[in-house]
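I have placed the structure first, in the form of structure tokens, so that the comments after it can refer back to it.
The values are calculated or read from the model by the stated rules, or taken from the named source; none is laboratory data. For clarity, every value in this text was computed on a predicted model and none was experimentally measured. Here the Cβ positions follow ideal geometry from the backbone for every residue, glycine too, while neighbour counts run over all protein chains shown.
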Amino acid sequence: MHALQTEIERLASSNQLGANAREVFLNFRDALTRGEIRAAEEIDAKWEVNAWVKQGILLGFRLGEIKEMGSGECLSFVDKDTFPARKFTTADKVRVVPGGSSVRTGAYIAPSVICMPPMFVNVGAYVDEGAMIDSHALVGSCAQVGKRVHLSAGAQIGGVLEPVNAAPVIIEDDVLVGGNCGIYEGALVRSRAVLGAGTILTRSTPLYDLVRGEVYRASNDKPLEVPRGAVVVPGSRAVSHGKAKEWGITLYAPVIVKYRDEKTERGVELEDWLR
């Protein structure tokens, strides 16, 4: 992929795009759709951002022309022609249940993934084998979702396309994301973690670990990170100064109440026959 990366980086920094720019981009988009390249990847137990992949996606928006897509009176769309809705066949081995779901071309959906209606996966996202995207769930641009992850109904996995060197939201293998959770701004959820319904994770949200007596925060060069196997639920913390103390105001706070154990395993066990 070195030659493709070189071409994408050259075009991304050019003010004038030549006649072959669209061909280069289409080759890039096809590789992205096949999962051969991705916006971030784990190397030696550390997640690294591939900024050039994000540059390639942004290049597609520069090259795209607004076109009418779809057919019929009800299902019609107007979007950049460089990122049409992706079409699946039985050869993809992906279950897309009828009912209004959409996946943009340039998103990788691995074999055995289940897409429940309605859901949306944006360009640059990577969804690995055995994952389930439930109804009203969003997988944002460049988000990375691991194997056997369950995104429950209403879960929002934010995308981080810009700045190009910023880490996207990453959810590692065997994570359960509860209903109406929101994971944003490059948060990293390590393998086998469980996020209880309604949990919100952002860069500005401290994560309180009642088990280990730690408080986890994002920094300038590190995202908010949920430890492996942590069970996180929504909580609150008191504000201890000024009018907030007088009025008894509390602020939202995600809290680690335990780490995954046998009881948790039974509670989050997914039925293989569904897949």
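Taking interchain pairs and intrachain pairs at least six residues apart, which have beta carbon atoms under 8 angstrom, with the first residue in region 92-116 and at pLDDT 95 or above and outside any loop (DSSP other than H, G, I, E, B) and the second of a type in the set (S, T, N, Q) and surrounded by 15 or more Cβ atoms within 10 Å (Cβ to Cβ)? Once the first residue is at pLDDT 95 or above and outside any loop (DSSP other than H, G, I, E, B) and sits in region 92-116, its partners that are of a type in the set (S, T, N, Q) and surrounded by 15 or more Cβ atoms within 10 Å (Cβ to Cβ) give R104/N122; Y108/T33; C115/S101.
Scanning region 64-87 for residues that are loosely packed, with under 15 Cβ neighbours inside 10 Å, at pLDDT 90 or above and part of a loop (DSSP other than H, G, I, E, B) yields E65, D81, K87. Checked against (1) in contact with a Ser or Thr (Cβ under 8 Å, 6 or more places away or on another chain); (2) under 16 Å from R260 (Cα atoms), Y184 passes all but condition (2). Elements of the type strands (runs of 3 or more DSSP E) sitting completely within region 183-275 and holding at least 3 residues that are of a type in the set (S, T, Y) and either at pLDDT 95 or above or more than 25 Å from V169 (Cα to Cα) (or both): these cover 250-259. If you go through region 36-63 and keep only what is out of contact with any helix residue (DSSP H, G or I) (no Cβ under 9 Å at 6 or more places or on another chain) and either among the acidic types (D, E) or not in a helix (DSSP H, G or I) (or both), you end up with E41, E42, I43, D44, A45, K46, W47, E48, V49. For the structure I just gave you, tell me whether A19 is of a type in the set (G, A, S) and assigned to a helix (DSSP H, G or I). Judged against the criteria, A19 is not a match.
Do we find that G60 is closer than 17 Å to A107 by Cβ and either modelled with pLDDT under 95 or surrounded by fewer than 17 Cβ atoms within 10 Å (Cβ to Cβ) (or both) in this structure?
Working: closer than 17 Å to A107 by Cβ: yes; either modelled with pLDDT under 95 or surrounded by fewer than 17 Cβ atoms within 10 Å (Cβ to Cβ) (or both): no.
Against the criterion (closer than 17 Å to A107 by Cβ and either modelled with pLDDT under 95 or surrounded by fewer than 17 Cβ atoms within 10 Å (Cβ to Cβ) (or both)), G60 does not qualify.
Considered as a group, the residues in region 123-145 that are more than 18 Å from Y184 (Cα to Cα) and hydrophobic (A, V, I, L, M, F, W, C) include one that is surrounded by the fewest Cβ atoms within 10 Å (Cβ to Cβ), and that residue is M132.
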